[in-house]
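Undergrad: Would you mind keeping the following structure in view while I ask a few things?
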Amino acid sequence: MFQCRARLRPWRLGACSTLRGRSLASSPRPPPPCLSHLASSGRHLAWRSSPFWRVGDFRLLVPATQPALTLWRPSSQDRSWGPRPEPHYPLRTRLLVFSLVTLQLVLAWLYFRSEKEKQDKQKRIEELRKVAIGQVNFQLVDHTGRPCSKEDLKGSWILLYFGFTHCPDICPEELEKMSRVVNMLDADPKLPRLQPIFITVDPERDTVEAVAKYVKEFHPRLRGLTGTPEQVKEAGRSYRVYYSTGPKDEDNDYLVDHTVILYLLAPDGLFLDYYNRYKTDVKIAENIRGHMTTYKSLLA
């Protein structure tokens, strides 16, 4: 940077050729009082008798009628406008700052994820309130001949399945999957017991004796329920279960087309969740475990 300090009125450009390359200190004439402090400070003055001055890559035009200008270049001590060196922090300090920032980001992510899970669960609870599945009481008979109503099932976690004993493949597969889920949850002593329930959709053939023989092939706690066609229809309607008897063959045998779903009932007796046949036993057990650990009654 160059600054314009003063004008040399006693000398013109044409009369100052003898001062080229000299400083004011070696000038044949003493400098004016206004420039004496520049000469004593050791700053070098630049003189030019040409119509312009060249300063680096720039040319400063000066008319011939104007007096010469005195330019000075500041010394290295005066150059305070240069780039300042970047502060250097120790490696330990940088690692500490990075760790703190990362920890804050992780905690924030965990917080927002927890809030989202709470919102999703609350939304699902509201949806289940509107669905109102399984709120109608039913009266059936278990495989031991004792009456069993929905009120009798309250206070326990229930995994419910609708099927029939003459089912060739789907019902046995679903009941075996139900048994594995119950065993997985029984392995955790902190969790409450899950009660498996089987309700027939073929009351004409599934008598108490037939159901008792059938449930013995699966989990020892599996409880089978049957009843009159009207009682079974009322129970199925309560959980919106579809079933339809197919045509009979020559041996008077037939199949029953029905909904293939496992229903999860909370201890308050209300429907809480469901699982179709494509849901694995591991996924079902994990989901039920989550419901058990975070359960809050919808009736509270």
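The values are calculated or read from the model by the stated rules, or taken from the named source; none is laboratory data. What you are looking at is a predicted structure, and each value in this text was computed from that prediction instead of being measured. Glycine also receives a Cβ, built like all others from the backbone with ideal geometry; neighbour counts cover every protein chain displayed. Heavy atoms of the whole protein, side chains included, go into the accessibility calculation; ligands, DNA and RNA do not. Shrake-Rupley method; radii C 1.70, N 1.55, O 1.52, S 1.80 Å.
Undergrad: What is the gain in length, in nm to one decimal, between ARG205 and LEU100 on full extension, counting 0.36 nm per residue of separation less the C-alpha to C-alpha distance?
TA: Details: separation 105, 0.36 × 105 = 37.80 nm, distance 6.89 nm.
Difference between extended and current length: 30.9 nm.
Undergrad: Further question on the same structure: Find the accessible area per residue for the range 139-294; the probe is 1.4 Å, ligands and nucleic acids are left out, and the unit is Å². Let's see the in-between values first.
TA: Numbers: 7740 Å² over 156 residues.
Heavy-atom SASA per residue in the range 139-294 reads 50 Å².
Undergrad: Going through the range 136-197, which trypsin sites (Lys or Arg not before Pro) have at most 12 other Cβ atoms within 10 Å and a DSSP loop state? List each step's numbers first, then the result.
TA: Details: sites: LYS150, LYS154, LYS177, ARG180, LYS190, ARG193; in loops: LYS154, LYS190, ARG193.
Those satisfying the criteria are LYS190, ARG193.
Undergrad: Dipole of the range 126-249 (Lys/Arg Cβ +1, Asp/Glu Cβ -1, origin at the Cα centre): which of HIS143, PRO168, VAL211 lies farthest to the positive side?
TA: About the Cα centre, the residue reaching furthest to the positive side is HIS143.
Undergrad: Please compare each pair in LYS123/LYS190; LYS177/LYS296; LYS121/LYS233; LYS177/LYS216 to a cut-off of 24 Å on the Cα-Cα distance and tell me which ones are over it. It would help to have the intermediate numbers written out before the result.
TA: Details: LYS123/LYS190 27 Å; LYS177/LYS296 26 Å; LYS121/LYS233 32 Å; LYS177/LYS216 15 Å.
Correct reply: LYS123/LYS190; LYS177/LYS296; LYS121/LYS233.
Undergrad: Treat every Asp and Glu Cβ in the range 139-294 as -1 and every Lys and Arg Cβ as +1, leave all other atoms uncharged, and give the resulting dipole magnitude about the Cα centre to the nearest 20 debye.
TA: Working: 20 positive and 25 negative charges, 149 e Å.
Using only the charged Cβ atoms, the result is roughly 720 debye.
Undergrad: Students often get this wrong: which residues of the range 170-196 have the backbone nitrogen under 18 Å from the point 7 angstrom along Cα-to-C-beta of LYS296?
TA: Within reach of a label on LYS296: no residues.
Undergrad: While we're on this one: For a quick check: with amide H placed at 1.01 Å from N, whose amide H comes under 5 Å from ILE261's, ignoring anything fewer than 5 positions away on the same chain?
TA: Under 5 Å from the amide H of ILE261 lie the amide H atoms of PHE162, each far enough along the sequence or on another chain.
Undergrad: Taking a spot 7 Å from the Cα of TYR274 along the direction of its beta carbon, which residues of the range 233-256 have an amide N less than 14 Å from it?
TA: So the set is 236-243.
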